[in-house]
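Student: First the structure, which I've put down as structure tokens, then a few questions once you've had a look.
Every number in this text was worked out from the coordinates using simple rules, so none of it is lab data. Everything numeric in this text was worked out from a predicted model, so none of it was measured. Every residue, glycine as well, gets a Cβ built from its backbone with ideal geometry; the counts of neighbours run over all protein chains shown.
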Amino acid sequence: MFLPLLICILLINRIILMLSVAKKPFILCIMEIIMSTSNFEKQLGILESRVDELTKKCTRLVEENASLRVSQENLRNEKAVILQKNNQAKSRVEAMIRRLKSMEQS
């Protein structure tokens with residue numbers, strides 16, 4: 001609804017401008033506008049397809065970003081578990097070393 005109204009307003013402004021500046025007959029102004037309007041509609045179609053493509057890419061990137069955030073959180077959790085197991089193993093090894101030293105001293 002908004003786009004046809006915008007096109008009409010642009011065409012009316014263009015007619016007024018051409019009539020006031022060019023001093024051409026009305027019919028020539030209209031013919032030039034009709035010819036440029038088809039080019040405008042082509043460009044508008046190209047722009048519309050680019051906007052659609054960008055919207056799809058943006059949606060895909062948002063989904064990919066969410067997926068990466070979940071993966072990152074999973075990796076953080078795995079890292080925390082591995083660090084905890086590493087600390088437990090380190091404590092056990094240190095305890096064994098202390099026992100061996102105490103056995104050696106006895």
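Student: Take Gln105 and Arg92, extend 7 Å from each Cα along the Cα→Cβ direction, and tell me the distance between the two endpoints in nm.
Tutor: 2.5
Student: Here's another thing I want to ask about it. What spacing in nm lies between the two simple spin-label points modelled at Lys85 and Ser71, each 7 Å away from Cα in the Cβ direction?
Tutor: 2.2
Student: Turning to a different aspect of this structure: Using a basic spin-label model with each label point 7 Å from the Cα along Cα→Cβ, how many nm lie between Lys57 and Leu10?
Tutor: My value for the distance between the label points is 2.2 nm.
Student: Provide the net charge surrounding Glu63, with neighbours chosen by a C-beta distance below 13 Å and charges set as Lys +1, Arg +1, Asp -1, Glu -1.
Tutor: Here the count lands on +3.
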